[in-house]
Amino acid sequence: MQSTIHRREIMRRLAMLSIGSIALPFTGSSKQQDPPASMIHIPAGMGKKGKVGEMEIVFKFESKDTGGVLGVWESVIQPGELGAPPHYHVKTDEFCRVLEGTVTILTGDTVTEVKAGGWHLRPKGVVHTFWNSGKIPAKTIDLSLPGQHAAYMQELATMFENGKRPGPAAIIKLEHKYDIHYRFDLLNGIIDKYGVRL
């Protein structure tokens, strides 16, 4: 597996993201796609809220809102908090834009510190995880292409409602349902090396 991705490839993928809503109706199939039922406006601070551990999440666009193409949510990660166990996806690319604070992202063997204003791509097929390496809460916008990962995040958040914390069996059920493949064998090494918590 390739552990790094060149800047040119990142720019190509971001360009595809920005023109995707124009290009998609004209590619892949001669069948006419149904237009969205209506436009969607989400005012600042609005959206379905949830928590995964200490991480606060506000869901913005679900897969069903975008014909399966895109999922979008905002996250607030507390200092020292690991955002997810190490994992990879077979079909899903994840993009992150840091709005406030600093997020460190491990993709393969590459560690990247992303400060406010920075973007990062976690490409499919590469094991990754991320954590807040700063001293203040880090706020991010996260995008998944295709959008099914947003449904995974929503279902995971329901498992943490009312102070609950899911056990390994519940997490493994999600692994079989969604395009997520955990590498729990790497978790303790990351926690010890980087001084983070899950």
Tell me, in nm to one decimal, what length is gained between Lys135 and Phe184 on full extension, where the rule is 0.36 nm per residue of separation less the Cα-Cα distance?
15.0 nm
Per 0.36 nm of contour for each residue apart, how much would the distance between Ile191 and Ile42 grow if the chain were fully extended, relative to their Cα-Cα spacing?
50.0 nm
In Hz, Karplus ³J(HN,Hα) per residue of segment 168-174 (6.51, -1.76, 1.60; θ = phi - 60°; x = Gly, Pro)
x, 5, 5, 5, 5, 4, 5
Integer Hz, Karplus 6.51/-1.76/1.60 couplings in order for segment 144-150, x for Gly and Pro:
10, 10, x, x, 4, 4, 5
Below 15 angstrom from the Cβ of Gly83, what's the summed charge of the other residues (Lys, Arg +1; Asp, Glu -1)?
-2
Kindly write out, for segment 79-91 in residue order, the coupling ³J(HN,Hα) from the Karplus curve 6.51 cos²θ - 1.76 cosθ + 1.60 (θ = phi - 60°), rounded to whole Hz, with x marking Gly and Pro.
x, x, 8, 7, x, 6, x, x, 7, 9, 10, 7, 10
So for each of 109-121, 160-172, 81-93 I average, over its residues, the number of other beta carbons within 10 Å; can you give me the resulting order with the highest mean first?
81-93, 109-121, 160-172
In terms of the Cα gyration tensor, with a ≥ b ≥ c the square roots of its eigenvalues, is segment 48-161 rounded because a/c is under 1.5, prolate because a/b exceeds b/c, or oblate?
oblate
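Bear in mind these aren't lab numbers, they're just calculated from the coordinates by the rules spelled out. Computed from a prediction, not measured in an experiment: that's the story for all the values here. Note that we place each Cβ from the backbone using ideal geometry, even for glycine, and neighbour counts take in every protein chain shown.
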